[in-house]
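Read the figures in this text as sums done on the coordinates, not as results from a lab. Just so you know, these numbers come straight off a predicted model, no measurement behind them. Virtual Cβ from ideal backbone geometry, glycine too; neighbours counted across all protein chains shown.
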Amino acid sequence: MATSRAEQKRLESLSPFELKNSLIELANDNVKLEAVTMLNAGRGNPNWIATEPREAFFLLGRFGIEESRRDWDEWDGVGGMPAKAGIAQRYRAFLQANRNEPGASLLQRSFDYGVKKLKFDPDAYAWELADGVIGDHYPEPDRMLSHMERVVHAYLVQAMCGGKAPKQPFDLYAVEGGTAAMCYLFDSALINGILNKGDTIAIMTPIFTPYLEIPHLERYQFDVVELKASRFDSEGFHTWQYDPSELDKLADPKVKALFLVNPSNPPSVALSPESRAHIKRITETSNPGLTVITDDVYGTFVDGFESLMSTVPKNTIGVYSFSKYFGCTGWRLGVIAVNRDNIFEGKLAKLPAKRKAQLNERYSSITLEPEKLKFIDRLVADSRQVALNHTAGLSLPQQIQMGLFALFDLLDEQRTYQETCQTIIARRMHALVKGMGVKLPKDPHAAHYYVELDLMNYAERYVSPEFASWLAQNFEPVDPVFRLAEKGSVVLLNGGGFDGPEWSVRVSLANLRYESYQDIGKWLREIMEDYYAEFEKTSGGTSARKAVGAKKAVATKAAATKAPAAKSEATKFEATKSTATKAAATKKAAAKRAPVKKAVAKAPVKKAATATAKKAPAKKPTAKKSTARKTTARKTTAKKAPAKAGSKR
C-alpha cells in the first residue's frame, strides 16, 4: 500500500468529500501506471439531464428576445423590455409558428396548464415568462416570482407530499440550490431565536456530512444527539430505519430541532410510514415546539414519497433541490418551503421583549411593522444582510428554468421521466451486485441513488468473527477506499464520514455508465479476497479454521436451500445469505481461496478457482467455515432488536 496506516489515520479525520481528493490522486497515479480508466463513484452528480425542459427554456428565450426587439429596435444589438399588453396573444402566435421546434410542445402545454388549471391571467403569465427568461429586472417579489411559486408549489405537492395538498399552502423561497438553503436556514434560525447557540438538536444518521459539521462551528455550538438508523430485519440485515427507542429521543422538550436528509444519504432510504407517524405523535404531544428541517432532494426517486413537510407541516421547514432529478447541479436550483400554518411565527411572538426589540431594529429598514414580518421573509432579508433585501432573490432565468422543470414533471401524467430515471439507477445497481457476486434485494423505500455497503458486518456474519476482529486490529476503516483507489483506480467515499458504520463505503449509482458498476463490484470483491488471503497467512487464519470444525456441515447444506428473506436496499454486500456454496476442490486451493462468491455466504474466492469450486464436492475445511458463519449469524440475530413487520425488506 502506498498510503501507510498512519497516513490513513491522519486523513480519515477529513470530511469524505475532502478525503476524496487524496483518493483521486492515488487513482490518477494508477491510471498513469496501468493505463486504466479511473472510476469515480464518489460524487452524486448525475450523468444524465432532462432535455425537454431545457429545449423549452431556449425556445422561450427566442420569444423573449423577439419581445425585447419589438419594444425597442433603434440600434443593432440593443433591445427594450417586453410589454405586458397583448403578450399572451403574441406568445400563442409564436408557439404556433414554431410548433415543430424542440420544446414548443412543453411550452404550449405549460401555458395551458397555468391558464386553465392554476387560473393565471394569460398576459401576466406570458409576461413573467418572457421577462424572466431574459432577466432584465431584479426579482420581484424578492422571495419568488408569483407564477413560478404557484407552479413549483404544485410540483412539491405532487413530488414531496404524495399528491396530498396541505390544509394551508407553503410559502416558497427560491434559492441557489440546497447548499444556499442550508446556509440561510442555519443563520436565520439563530438570528431569530428559532434556535439558540448551544441548543440541543437531533440529527438522523447516517447523513450528508455538512449536517454533522455545521452544528459544531463556533457560531452554533449545538449539543448534538444522534438518532441512528439501527434497525435490522429478521435475517439480520440493515434496513436503515429507526428503532422507536431512537425516535423517542425527540420526545424530550430540550431537543429543539431535528435535522434529516430523507431519503437518507448515503443509505438512500426513505423514512418508513411508521417512523413518520411516530415523529408526528411526538410533535402533537410531548414536544410540540420541535423544529424539523428536512432535506428531501432524493425523494423523487421513491414511488409515493411523502416528506415530513407533508406529515408534520406545522413544524417542518422543507428543503428541496432540483439538481439530482433533472441533472442540473450547475443551475443551482433549490427551494425552501414553510407552511403558512407553522410554529415559527408563535416562537417569534414569544421571544423576550429585549430580543424582540433587537429584531424590530434589525428589520426596521425594510418594513414599518417589523414585528409582523413572517419568518420566511426574515429568512430572505437575512440572506442579504437585510440592507440588500431590495436585491434579494434567485435570478429570474434560474426561476424560469426551475418552473419549466416543475411543469415538465407535472405534465408527465404517465410518469415516463421518473420511470426512466429509476430504471437507469436500477440497471446500475444490478451491474454493481453482479460484479460483487450477490443477489439484488428489494426495498420499496429505497431511492437507490447511493448504496452504503457495510464491509465489517459482512466480514463478521459471513466469514467469521475472527476475520472481522483481525481486520479491525490491522487496518484503518478507510483502508478499503485507499485500496480501491490504488489498485483499481476506483474512487468511493468512506461511510464512516457520514456517521454510518465505520467500515462502510458509499457508492454513487448516479454518475457512471452501466458497465463501470460491474467493474466496481468486481474490485470490491477482489479487495475482500486480498484481505482474506492476508488473514489466511496469519495465525488468526489458522486458529479460525481450527475453531470452526466440520460438525455443522449438514446444517450448512440445509441452510443453502432455505429461501432468503427480503433484504434491505443498502446492504448489498451483506446480501450473500441467499444460498450456500459447494466447497473448494483441494486443501491447497481452499487455503488460498476466500469463502465468498456470488450470492454465497463465504469469504472472497479467487477467480481462477471459481469453476473448480462449482464442480467439486464439499470438503471438510469448507464445511468448517460454513459452520462458523452460521454461528455468527445466530449471535448477531440474538443481539439485534426485534424487527417490526413494516420494516422488513
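Which one of T416, G437, A392 has its Cα pushed farthest toward the positive end of the charge dipole of the stretch 389-481, where Lys and Arg give +1 and Asp and Glu give -1 at the Cβ?
The one lying farthest along the dipole's positive direction is T416.
Could you go through the stretch 99-113 in sequence order and give the Karplus-derived ³J(HN,Hα) for each residue, using 6.51 cos²θ - 1.76 cosθ + 1.60 with θ = phi - 60°, rounded to whole Hz, and x for Gly and Pro?
4, 8, 7, x, x, 5, 4, 5, 4, 5, 5, 5, 5, 5, 4
List, in order, the whole-Hz ³J(HN,Hα) value for each residue of the stretch 215-227 obtained from phi through the Karplus relation with A = 6.51, B = -1.76, C = 1.60 and θ = phi - 60°; use x for Gly and Pro.
Here the 3J(HN,Hα) series is x, 9, 5, 4, 5, 10, 6, 5, 8, 9, 10, 8, 9 Hz.
Report, by chain and number, residues whose modeled amide H sits under 5 Å from the one on L39, excluding near sequence neighbours (fewer than 5 apart, same chain).
V490, V491
Over 20 Å apart: what share of the alpha carbon pairs of the stretch 387-450 falls there, rounded to a whole percent?
Working: 1107 of 2016 pairs.
Above the 20 Å cut-off, the stretch 387-450 has 55 percent of its Cα pairs.
Where Lys and Arg each count +1 and Asp and Glu each count -1, what net charge lies around V255 among other residues with Cβ under 13 Å from its Cβ?
With Lys, Arg at +1 and Asp, Glu at -1, the neighbours total -3.
Spelling out what I want: for every residue of the stretch 310-318, take phi, set θ = phi - 60°, compute 6.51 cos²θ - 1.76 cosθ + 1.60 (Karplus), and round to whole Hz; glycine and proline get x.
9, 6, 10, x, 5, 9, 10, 9, x
If you place +1 on the Cβ of every Lys and Arg and -1 on the Cβ of every Asp and Glu, how big does the dipole about the Cα centre of the stretch 159-395 come out, in debye to the nearest 20?
Working: 26 positive and 27 negative charges, 158 e Å.
With Lys and Arg at +1 and Asp and Glu at -1, about 760 debye.
About its Cα centre, what dipole magnitude does the stretch 36-87 give when the only charges are +1 on Lys and Arg Cβ and -1 on Asp and Glu Cβ, stated in debye to the nearest 20? Write out the running numbers ahead of the final one.
Details: 6 positive and 8 negative charges, 73 e Å.
Roughly 340 debye, rounded to the nearest 20.
Determine the sum of side-chain charges near G330: Lys and Arg each +1, Asp and Glu each -1, restricted to other residues whose C-beta is under 15 angstrom from that of G330. Let's see the in-between values first.
Numbers: positive: R43, R54, K324, R332; negative: E176.
My count for the surroundings of G330 gives +3.
Report, by chain and number, residues whose modeled amide H sits under 5 Å from the one on A446, excluding near sequence neighbours (fewer than 5 apart, same chain).
Residues meeting the criterion, in which the H sits 1.01 Å from N, are A270.
List L118, L59 from most exposed to least, where exposure is judged by having the fewest other Cβ atoms within 10 Å. Before the final figure, lay out the partial values.
Values: L118 13, L59 20.
Neighbour counts put them in this order, fewest first: L118, L59.
What ranking do 424-432, 499-507, 92-100 get when scored by the average of other Cβ atoms within 10 Å per residue, highest first? Working shown, then result.
On the way: 424-432: 19.7, 499-507: 24.6, 92-100: 13.3.
The most tightly packed comes first, giving 499-507, 424-432, 92-100.
With point charges of +1 on the Cβ of Lys and Arg and -1 on the Cβ of Asp and Glu, referenced to the Cα centre of the stretch 33-158, which listed residue (A83, A41, V157) lies farthest in the positive direction of the dipole?
Value: V157.
Give me the dipole magnitude in Debye, nearest 20, for the stretch 52-137 about the Cα centre, with unit charges on the beta carbon: positive for Lys and Arg, negative for Asp and Glu. Don't jump to the answer; show the numbers that get you there.
Values: 12 positive and 15 negative charges, 107 e Å.
Value, rounded to 20: 520 debye.
Going by C-beta contacts inside 10 Å, put E67, E361 in order with the fewest on the left. Could the numbers behind the result be given before it?
Details: E67 26, E361 10.
Ascending number of Cβ neighbours within 10 Å: E361, E67.
Order of R150, R378 from fewest to most other C-beta atoms within 10 Å? Let's see the in-between values first.
Values: R150 21, R378 24.
By the 10 Å Cβ count, ascending, the order reads R150, R378.
Work from the charge dipole of the stretch 225-317 (Cβ charges, +1 for Lys and Arg, -1 for Asp and Glu, about the Cα centre) and give the residue of A229, T291, V312 farthest towards its positive end.
Farthest along the dipole direction, towards plus: T291.
Run the quick spin-label model on T200 and R69: label points 7 Å from Cα toward the beta carbon, then report their separation in nm to one decimal.
6.7
Would you please give the residues with an amide H less than 5 Å from that of G80, counting only those at least 5 places away or on a separate chain, with H modeled from the backbone geometry?
Amide H to amide H, under 5 Å and 5 or more residues apart or across chains, G80 pairs with R69, D71, W72.
Work through the residues other than Q418 whose Cβ is under 12 Å from its Cβ and net out their charges, Lys, Arg +1 and Asp, Glu -1.
Numbers: positive: R415; negative: D303, D409, D412, E413, E419.
Overall, the nearby charge balance is -4.
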